[in-house]
């Protein structure tokens, strides 16, 4: 029994040493890794953090490059209260001043603020709407606004107001021009929420445009091996390695379609010009299994002889291979110009070009008729 007790204590001692080592050294090792480094992309609203749907769409359907950057990233918003300092307006000086504002820094949502000042019986108040951020970085925030004020019961309009916040010294200032110009400086920040900026490492995804043909799951898996940081952030991407991976793909399909002439073919045989009587075959791959609707429609306006008219429609069941090919349409005599092929949320365009021989025949008949008429007249 004594030997078992001694063995238990020895094992407990060794386990304690191992746990202590992990607690002391593991956090440093983890902190030095690239795990959970955020990924940003350029959008119409500016540079924003990429979500899962954004990343999947780019991985399957876009040419891209990726850079690791270290830049100043601002907080989501800035809320500030400041007081004191000195304010001058209409020859009057105020020392009891109070400035407050809230402004989003990551989107175009409106911000607003107010300013009050008092000295003896003189009072000045201002409310303003924030219109534009002029500068935001680790040292200062400057924005432009406009608003209305009251000076001793007289209403005033201010067309331009500039507010600045010195993040280093925690000092705010405000200047206004309008019915009466004013300037306030040296207001000490008493409450600050957000407003700050810091250096952050992140990956920046540069979208170089859509691919003509979407990537296969095997190609995406290879990219994920080259960029494991993607899966550090979006662990759901690991499911692309598994069977039935398409179940986890959001917003439609990662698949792509193309058209071929008179028969099925690979993407290298994609055809975008057809003549009267030829058959349009629709090919696709990398689709989720299921039932899909498809249509061929003339482009709007003068771009097609069948503007906004479906010349062919149908449905198709895609099996587990995710690939398909079918004869969709035969080009008709009255077809011309451009048409769009739609299969689920994917599309491709083709042109109908006139038959050269038909034109030659028409010109020949017209010429013969002209000669016959000329001879008869003579």
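The values are calculated or read from the model by the stated rules, or taken from the named source; none is laboratory data. None of these values were measured; they are calculated from a predicted model. No Cβ is skipped: glycine too gets one built from the backbone with ideal geometry, and neighbour counts run over all protein chains shown.
Looking for whichever is in a strand (DSSP E or B), more than 16 Å from residue 97 (Cβ to Cβ), modelled with pLDDT under 95 and in contact with a strand residue (DSSP E or B) (Cβ under 7 Å, 6 or more places away or on another chain) here; the options are 189, 198. Which one fits?
Sole residue among the options that is in a strand (DSSP E or B), more than 16 Å from residue 97 (Cβ to Cβ), modelled with pLDDT under 95 and in contact with a strand residue (DSSP E or B) (Cβ under 7 Å, 6 or more places away or on another chain): 198.
Looking at (1) in a loop (DSSP other than H, G, I, E, B); (2) touching a strand residue (DSSP E or B) at 6+ places or on another chain (Cβ under 7 Å); (3) modelled with pLDDT under 90; (4) over 30 Å from residue 335 (Cβ atoms), find the lone condition where residue 251 falls short.
(2)
Are there any pairs with C-beta distances below 7 angstrom linking a residue in region 94-111 that is assigned by TED's automatic domain parsing to the domain that holds residue 126 and assigned to a loop (DSSP other than H, G, I, E, B) to a residue that is surrounded by 17 or more Cβ atoms within 10 Å (Cβ to Cβ) and at pLDDT 90 or above, with the two at least 6 apart or on different chains, and if so which?
From residues that are assigned by TED's automatic domain parsing to the domain that holds residue 126 and assigned to a loop (DSSP other than H, G, I, E, B), the pairs are 110/130.
Kindly provide the set of residues from region 255-284 that are surrounded by fewer than 20 Cβ atoms within 10 Å (Cβ to Cβ) and within 29 Å of the chain's Cα centre (by Cα), ordered by number.
Answer for region 255-284, where residues must be surrounded by fewer than 20 Cβ atoms within 10 Å (Cβ to Cβ) and within 29 Å of the chain's Cα centre (by Cα): just 267.
Does residue 209 count as loosely packed, with under 15 Cβ neighbours inside 10 Å, modelled with pLDDT under 70 and within 16 Å of residue 54 (Cα to Cα)?
When the stated conditions are applied, residue 209 does not pass them.
So, in region 112-153, of the ones that are in contact (Cβ under 8 Å) with a residue 60 or more places away in the chain and part of a strand (DSSP E or B), which residue ends up farthest from residue 49 (Cα to Cα)?
My answer is 151.
Conditions (1) over 17 Å from residue 213 (Cβ atoms); (2) out of contact with any helix residue (DSSP H, G or I) (no Cβ under 7 Å at 6 or more places or on another chain); (3) assigned to a strand (DSSP E or B); (4) without any contact (Cβ under 8 Å) to a residue 24 or more places away in the chain, marked per residue:
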position	(1), (2), (3), (4)
257	no, yes, yes, no
268	no, yes, no, yes
281	no, yes, yes, no
293	yes, yes, yes, no
316	yes, yes, yes, no
333	yes, yes, no, no
340	yes, yes, yes, no
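Among the residues of region 217-245, which ones are outside any helix (DSSP H, G or I) and either modelled with pLDDT of 80 or more or more than 12 Å from residue 56 (Cα to Cα) (or both)?
227, 228, 242, 243, 244
Does region 318-331 hold any residues that are out of contact with any helix residue (DSSP H, G or I) (no Cβ under 9 Å at 6 or more places or on another chain) and either buried (at least 16 other Cβ atoms within 10 Å of the Cβ) or assigned to a strand (DSSP E or B) (or both), and which are they?
318, 324, 325, 326, 327, 328, 329, 330, 331
Output the residues belonging to region 135-156 that are surrounded by 12 or more Cβ atoms within 10 Å (Cβ to Cβ) and either over 32 Å from the mean Cα position of the chain (by Cα) or not assigned by TED's automatic domain parsing to the domain that holds residue 175 (or both).
Hits for region 135-156 are 147, 148, 149, 150, 151, 156.
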